[in-house]
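A quick write-up on the structure given underneath.
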Amino acid sequence: MPAAFLKVPNLGRLFYRTLASVVGLGILSTAVSHVSAQEVDFANDIQTVLSRRCYACHGPDQQEGSLRFDQRETLLAEADSGEIPVVPGDPAKSELIRRITSEDESEHMPPEGKPLTDEEVRAFKAWIADGAKYEQHWAFQPVQSHKPPAVKNSEWARAPMDHFVLAKLESAKLSPVAQASPEKLIRRVYIDITGLPPSPERVTELASDWSEESYERLVDSLLADSAFGERWARNWLDVVRYAETNSFERDGPKPNAYKYRDYVIHAMNSDKPYDQFIREQIAGDELDEVTDESLTATGYYRLGLWDDEPADPKLALFDGYDDLILTTGQGILGLTFNCARCHDHKIDPISQKDYYSLVALLRDVTPYGTRGNQQGNNQVDLDPELAKLHEEYERTKRDLEGKTRRFEQQAIKKMEAEDQRATEGPERAKTLAEKLEQYTKPEKYKEYARQKAELESIRKKLAALPRRERVLGLARLEARPPETKVLGRGSPLAEGEVVQPAFPKLLGGGVPDIPVAPEGAKSAGRRRVFAEWLTSKQNWMTARVMANRVWLHYFGRGIVRSPNNFGLMGDAPTHPELVDHLATYLMNNDWHLKSLHRYILLSSTYRLGTDDNPQASAQDPANNLFWRQNLRRLSAEQVRDGVLAVTGQLNEQKFGASMYPTLSREVLASQSRPGAGWGRSSEADQSRRSIYIHVKRSLPVPMLTAFDFPETDISCEARFLTTQPAQALTMLNSDWMQQQADKLLARVRQEVGDDLEAQAQRILTLCLSREPDQADVMELVQLTEKLKSKHKLDDNKARQAMCLVALNLNQFLYLD
């Protein structure tokens, strides 16, 4: 695009609704606790503040002034200063209140950072006035079956879950905003479920006959669409740090990693029960019924970083286990068990022994590979008998190749110098055919000829065999793993007491009875026990965490804003009873995620508009109470896929090996070996959905990273949704966007001809999934004319610029 266009000033009101116009604006996302003097929740309003602001100096690890805020008795006793921190029932006599409200810098607490907010101070006063009772953290208690609370405006609530939202709003004397218009809701539900925008014709068709029944039919049809799996699989891939390479300097490939991605897409589309989904990934090779799918699922263990030449191999081994504990603990259980690797957890009641007991449950998992054998541990043959034939023929082939090669070399030594040199290049085969027999004994040559014939026969047999089908997973395991010991400060050189495979005390504890694996066993059987515990209804974290993740992707944030951390340092839930309600709903529906999706999508809460309410904005600026739907920017994949859909270039081919978008020479040069491991794909292949892009750790795709594609080193709990300059620059200047603008222009030319106003009308209709305002159409026309008259762009370039502006509109890039 000519620089003249990019520097055009005063593009009018339409331009100032583009992404470029909002760069630098932030979105308020901090949680503010709303409490009243009459009702204080210790776990959410008090304990979370203590853990974040006080435990560093007055917690499990350090007790300045003999104060330990995680134990009630120390707060009620006289401190070293002679004062009593908390006097139950009397905030005025409590030293804690005096310190957190003091304006004397030498006395004020906490001594660093911002002071507690007025809301937080009021909560502490109310808590002390009510007796300063301690309660167990909400997430460390079993899931409760809460009865939906009574509400005044019961007609508003379409589903029981709506009662939990509306009750809090009514308690705060707030009301929800109006429901979104049919056009906005149709676009929202399409993109939320499938990741793709609806065609404007489909929106018109649906909106013209809008009703409760038609909305339900729309939700059901979209949940049944195969695009659902492509959209929602990506969310799970974020959690399990999916990538197709190993990182570190060489960043070598993980063969067949894409098959794990395809497994997740299939699982989402087939509505595989979530408990089964987890069991297959944790112990897919140990289940009663082992299938190709369940073996593919064990690729979960092989997705992390792997260093092919670690400086400390034993430490690297335990780094690998730590990666599994982190991903499983945070991704499935929502707890930071990894913080107890070197010492007892500083905040949550997780001991170092708990951590290593979890390691013991996974101890039969071998490292990803070794420098000399990078595939033996991780490439699983789906047909073992076929694999044996392949290996047998390969061994025979290698043996015969070695024998015939040695025989040839012995004869070559006897040849003249000219013939010897000929055997070192492309003339080798011809020279040996003509001269070899002259330099060998007849009986030896006869044996050589027999071996060559046998070698040719083996090669033909190998070529005739069906292709060896392999997946990334647990190919080799330690059926009788070594004992696991607590490691002082996480060092393998500081071994402590031996621990047995066990479940964390925080979640009920228990030492499972796991017999020693019999001779000839392929695995230890421990992961099967672990998987069953993870997916038991008595394990109260698994369903909570997943229910919160589903909510997150429909509302832009979780009920718990820290989806990977439900512990004391995580964010308190804004609606704790709602978390348990959704978790119970998931389990009671046999763990079918589509049932939970449908339940949320049909609720009144989901259907809210994004309109402002001045009273609610002033009282609840972060929308903690869900008085409206959150305005959300599209994810990286939704932006790219949406552009392809609008330009008519989207290739809906599903599954299979990943594709490689074209990257600039400058981007390829960012690797230690420029371009290594980045393939070339056809234009049609590059137009597939973004979930099929090859994920190379050392070479992220700029188009995706600009829109907050996550780091793949560790589990990503929730993506950042930033608004920053690289996004506008990418959407305006990148070669790919310039090409897509050309494609959009070609599409509208074919559909409406060369009339400029008709083109502008159609472009906006496609980008917005609805009929645009006539004023916007005319502004786009005027922009095009201005680019030609004032900035001297030719007609075609000016019309391409018109397409580019439309693809940058906030109404295209945001969901309302």
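The values are calculated or read from the model by the stated rules, or taken from the named source; none is laboratory data. This structure is a prediction, so every number in the text was calculated from the model and none was measured. Here the Cβ is made from the backbone with ideal geometry for all residues, glycine too, and neighbour counts use every protein chain on show. What goes into the accessible areas is simple: the full protein's heavy atoms, side chains included, and nothing from ligands, DNA or RNA. Shrake-Rupley method; radii C 1.70, N 1.55, O 1.52, S 1.80 Å.
Asn588 passes all but one of (1) within 30 Å of Arg688 (Cβ to Cβ); (2) free of Cβ contacts under 8 Å to residues at least 60 places away in the same chain; which number fails?
Tallying (1) within 30 Å of Arg688 (Cβ to Cβ); (2) free of Cβ contacts under 8 Å to residues at least 60 places away in the same chain, Asn588 fails exactly one: (1).
If a residue must be under 13 Å from Val177 (Cβ atoms) and open to solvent by less than 10 Å² (accessible area, probe 1.4 Å), how many such residues does region 607-625 contain?
Here the count works out to 6.
State whether the residues of region 628-639 include one that is without any contact (Cβ under 8 Å) to a residue 60 or more places away in the chain and either part of a loop (DSSP other than H, G, I, E, B) or touching a Leu at 6+ places or on another chain (Cβ under 8 Å) (or both).
Scanning region 628-639 turns up no residue that is without any contact (Cβ under 8 Å) to a residue 60 or more places away in the chain and either part of a loop (DSSP other than H, G, I, E, B) or touching a Leu at 6+ places or on another chain (Cβ under 8 Å) (or both).
Picking from Arg549, Arg628, which residue would you name as being under 20 Å from the mean Cα position of the chain (by Cα), crowded, with 21+ Cβ neighbours inside 10 Å and among the charged types (D, E, K, R)?
Arg549
Looking at region 274-315 only, could you name the residues that are more than 20 Å from Gln379 (Cβ to Cβ), in a helix (DSSP H, G or I) and over 18 Å from the mean Cα position of the chain (by Cα)?
Scanning region 274-315 gives Asp275, Gln276, Arg279, Pro313, Lys314, Leu315.
Would you point out which residue out of Leu382, Leu455, Leu474 is in contact (Cβ under 8 Å) with a residue 40 or more places away in the chain, in contact with a Leu (Cβ under 6 Å, 6 or more places away or on another chain) and buried (at least 16 other Cβ atoms within 10 Å of the Cβ)?
Matching residue, one of Leu382, Leu455, Leu474: Leu455.
Residues that are open to solvent by 10 Å² or more (accessible area, probe 1.4 Å), within 30 Å of Tyr814 (Cα to Cα) and under 23 Å from the mean Cα position of the chain (by Cα): does region 536-546 have at least one?
Yes; the residues of region 536-546 include at least one that is open to solvent by 10 Å² or more (accessible area, probe 1.4 Å), within 30 Å of Tyr814 (Cα to Cα) and under 23 Å from the mean Cα position of the chain (by Cα).
So Val121 ticks every box in (1) open to solvent by 40 Å² or more (accessible area, probe 1.4 Å); (2) free of Cβ contacts under 8 Å to residues at least 60 places away in the same chain; (3) aliphatic (A, V, I, L, M) but one. Which box is left unticked?
So the condition that Val121 fails would be (1).
Output the qualifying pairs, or none if there are none: Cβ atoms under 7 angstrom, residues six or more apart or on different chains, first residue in region 235-260 and more than 11 Å from Arg697 (Cβ to Cβ), second residue open to solvent by 30 Å² or more (accessible area, probe 1.4 Å) and outside any loop (DSSP other than H, G, I, E, B).
Close Cβ pairs (under 7 Å, with a partner that is open to solvent by 30 Å² or more (accessible area, probe 1.4 Å) and outside any loop (DSSP other than H, G, I, E, B)) amount to Asn235/His553; Asn256/Arg470.
Condition check: surrounded by fewer than 21 Cβ atoms within 10 Å (Cβ to Cβ), in a helix (DSSP H, G or I), of a type in the set (S, T, N, Q) and in contact (Cβ under 8 Å) with a residue 12 or more places away in the chain. Does Ser357 satisfy that?
For Ser357, the condition - surrounded by fewer than 21 Cβ atoms within 10 Å (Cβ to Cβ), in a helix (DSSP H, G or I), of a type in the set (S, T, N, Q) and in contact (Cβ under 8 Å) with a residue 12 or more places away in the chain - is not met.
Scan region 397-413 and report the pairs whose first residue is open to solvent by less than 20 Å² (accessible area, probe 1.4 Å) and whose second residue is among the hydroxyl-bearing types (Ser, Thr, Tyr) and part of a helix (DSSP H, G or I), with Cβ atoms within less than 6 Å and a gap of 6+ or a chain change.
Taking only residues 6 or more apart or on different chains, the pairs are Ala411/Tyr439.
Pairs needed: first member in region 288-307, touching a residue at least 40 places away in the same chain (Cβ under 8 Å) and open to solvent by 20 Å² or more (accessible area, probe 1.4 Å); second member anywhere, small (Gly, Ala, Ser) and part of a helix (DSSP H, G or I); C-beta distance under 9 Å; at least 6 residues apart or different chains.
Leu305/Gly320; Trp306/Ala316; Trp306/Gly320; Asp307/Ala316
Name the residues in region 553-577 that are over 25 Å from Cys54 (Cα atoms), in contact with a helix residue (DSSP H, G or I) (Cβ under 8 Å, 6 or more places away or on another chain) and among the small types (Gly, Ala, Ser), would you?
The one that is over 25 Å from Cys54 (Cα atoms), in contact with a helix residue (DSSP H, G or I) (Cβ under 8 Å, 6 or more places away or on another chain) and among the small types (Gly, Ala, Ser): Gly558.
Tell me which residues, restricted to region 766-776, are touching a helix residue (DSSP H, G or I) at 6+ places or on another chain (Cβ under 7 Å) and either outside any helix (DSSP H, G or I) or buried (at least 22 other Cβ atoms within 10 Å of the Cβ) (or both).
Once the filter is applied, which keeps residues that are touching a helix residue (DSSP H, G or I) at 6+ places or on another chain (Cβ under 7 Å) and either outside any helix (DSSP H, G or I) or buried (at least 22 other Cβ atoms within 10 Å of the Cβ) (or both), region 766-776 yields Leu766, Cys767, Ser769, Arg770, Glu771, Pro772.
Give region 447-491 a look and list any residue that's part of a loop (DSSP other than H, G, I, E, B) and of a type in the set (Lys, Arg), or say none.
Arg467, Arg468, Arg476, Arg480
Would you point out which residue out of Arg363, Arg395, Arg371 is out of contact with any Pro (no Cβ under 6 Å at 6 or more places or on another chain), within 30 Å of Thr328 (Cβ to Cβ) and basic (Lys, Arg)?
Arg371
Could we say that Val550 is touching a helix residue (DSSP H, G or I) at 6+ places or on another chain (Cβ under 7 Å) and modelled with pLDDT of 95 or more here?
Spelling it out, Val550 is indeed touching a helix residue (DSSP H, G or I) at 6+ places or on another chain (Cβ under 7 Å) and modelled with pLDDT of 95 or more.
Of all residues in region 151-200, how many are in a helix (DSSP H, G or I), among the hydroxyl-bearing types (Ser, Thr, Tyr) and open to solvent by 40 Å² or more (accessible area, probe 1.4 Å)?
Matching residues across region 151-200 total 1.
Hey, does region 496-509 have a residue that's among the aliphatic types (A, V, I, L, M), touching a helix residue (DSSP H, G or I) at 6+ places or on another chain (Cβ under 6 Å) and surrounded by fewer than 17 Cβ atoms within 10 Å (Cβ to Cβ)?
Within region 496-509 (the criterion being among the aliphatic types (A, V, I, L, M), touching a helix residue (DSSP H, G or I) at 6+ places or on another chain (Cβ under 6 Å) and surrounded by fewer than 17 Cβ atoms within 10 Å (Cβ to Cβ)), the answer is no, since none of the residues qualifies.
Name the single residue, out of those in region 414-427 being open to solvent by 100 Å² or more (accessible area, probe 1.4 Å) and over 20 Å from Glu447 (Cβ atoms), that is farthest from the chain's Cα centre (by Cα).
Glu416
Among the numbered criteria (1) farther than 20 Å from Phe42 by Cα; (2) touching a helix residue (DSSP H, G or I) at 6+ places or on another chain (Cβ under 7 Å), which single criterion is violated by Pro111?
(2)
Here are some residues: Arg202, Arg217, Arg234. Which one is out of contact with any His (no Cβ under 9 Å at 6 or more places or on another chain), within 25 Å of Val380 (Cβ to Cβ) and basic (Lys, Arg)?
Arg234
Which helices (runs of 4 or more DSSP H) sit wholly inside region 1-119 and have at least 2 residues that are modelled with pLDDT of 85 or more?
48-53, 55-58, 72-76, 95-101
Can you give me the number of residues within region 328-344 that are open to solvent by 10 Å² or more (accessible area, probe 1.4 Å) and under 11 Å from Val545 (Cα atoms)?
1
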